[in-house]
Amino acid sequence: MPDISPLPPGTTIGILGGGQLGRMLSLAASRLGMRTHIYCPDPNSPAFEVTPHKTVAAYEDETALAAFANAVDVITYEFENVPAATADFLAARKPLRPGARALSVSQDRLAEKAFLSSKNIPVAPYRPVASPEELESAITDLGLPAVLKTTRLGYDGKGQRVLRDRAEAAEAFAALSPKPLVLEAFVPFSQEISVVVARSLSGEVRSYDPAENVHRNHILATSTVPAAIPPSLAKHAGLIAKAIVVALDYVGVLGVEFFVVPGESRPTLLVNEIAPRVHNSGHWTEAVCLTDQFEQHIRAILGWPLGDPARLADVVMENLVGDEVNRVPSALDGLTQPHLYGKLQTRPGRKMGHVNRLLRPDQP
Ligand code: AMP
């Protein structure tokens, strides 16, 4: 039986990854009286600004990993591409929450789709593609347009190409790496939504309302809650998210991205992707939920009871990408909650912060 007794205030939480998600987790942990120790190879990590305990080292550096494990009581992560060897090394020394299985499933699109399909959770039709010949037969099976993706290391639309005709296939196959690839049927979705769900150490599951997400240049631009979907579909999305965390024996917060597909009688859902961490489309919870996703994740990995995910107002989260961060402070008003990540350099396409804007009933 694993030990499920709650960890006390004063616990040191090790966080792998020093980006904005690690920073926000660290802030939430501090509010609960915890210390955080952040491990990241980049000395300029924004999360380092909010804790004095840090390790700057490669994820393969076993000496640094051993010292890190020694210095902390429990370990979590802010990104899904933690190398499997790193996860195993750490998990042998301290509790790793969520566990290594969540990483192995979510860092490989083929493993993820196979896992979801094995649980009867619908995903877009797909075929593995390891060679130009396999791509040809996958196109024959799935038709065009279709989306060719790397199975690993893709984010914000990187590592994927939409194929409109066969002439594009060879070039796209050559351009995308690492191999193997996966071909997905093009989903004629009406909306993209996501659910942030949490599971505690004792198996309690709570999910937040679905957010409706709009991307610009492949980067999340806005998350609006409530999503403009029927209540039955929102409930169904929550049940799918719950089934995923239960099947993974998951501890912590997980993001599930869905496509809403219009149907003859009613819309249906396909899962696009899962992320074993706090999620950009859950930042709105900071403004309108008693327990936001960051506190929820910290509670879960500490073995604490989960907080109430109920939403107290309608809200839109807007990412501040690149120069958009300069809108703060002039564009702020009394209904807008800013959150900037303290990144030293503004670059096009870089997420610099976000704002949560409360929606009054008369606003769009
Ligand atoms: P992903 O990296 O898989 O989350 O894909 C990034 C974005 O590309 C998604 O949010 C969709 O807008 C679009 N996309 C990905 N896969 C498909 C698909 N199979 N059909 C249509 N659009 C897709």
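What follows is calculated from the coordinates using simple rules that are stated; it is not laboratory data. The shown structure was predicted, so the numbers you read here are calculated from the model rather than taken from an experiment. Cβ: placed from backbone, ideal geometry, glycine included. Neighbour counts: every protein chain shown.
Key figures for this structure:
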{"item": "Any strands (runs of 3 or more DSSP E) falling wholly within region 112-177 and containing at least 3 residues that are in contact (Cβ under 8 Å) with a residue 60 or more places away in the chain", "result": "none"}
{"item": "Top-ranked residue of region 209-221 - restricted to ones that are surrounded by fewer than 19 Cβ atoms within 10 Å (Cβ to Cβ) and part of a strand (DSSP E or B), ranked as farthest from the chain's Cα centre (by Cα)", "result": "Arg216"}
{"item": "Selection within region 183-203 - more than 11 Å from the ligand (Cβ to nearest atom) and either over 20 Å from Asp292 (Cα atoms) or more than 20 Å from the chain's Cα centre (by Cα) (or both)", "result": "Ser190, Ser202, Gly203"}
{"item": "Single unsatisfied condition, Ser232 versus (1) away from the ligand (no atom under 16 Å from the Cβ); (2) under 25 Å from Ile301 (Cβ atoms)", "result": "(2)"}
{"item": "Hits in region 286-338 - residues which are charged (D, E, K, R), in contact with a Leu (Cβ under 8 Å, 6 or more places away or on another chain) and farther than 20 Å from Ser202 by Cα", "result": "Asp314, Arg327"}
{"item": "Failed condition for Ala275, given (1) within 16 Å of the chain's Cα centre (by Cα); (2) away from the ligand (no atom under 16 Å from the Cβ)", "result": "(2)"}
{"item": "Among residues of region 107-140, those that are more than 27 Å from the chain's Cα centre (by Cα) and aliphatic (A, V, I, L, M), counted", "result": "3"}
{"item": "Any chance Thr11 is in contact with an Asp or Glu (Cβ under 6 Å, 6 or more places away or on another chain) and among the β-branched types (Val, Ile, Thr)", "result": "yes"}
{"item": "1 or more residues buried (at least 23 other Cβ atoms within 10 Å of the Cβ) and either at positive phi or without any contact (Cβ under 8 Å) to a residue 24 or more places away in the chain (or both): qualifying helices (runs of 4 or more DSSP H) within region 224-328", "result": "none"}
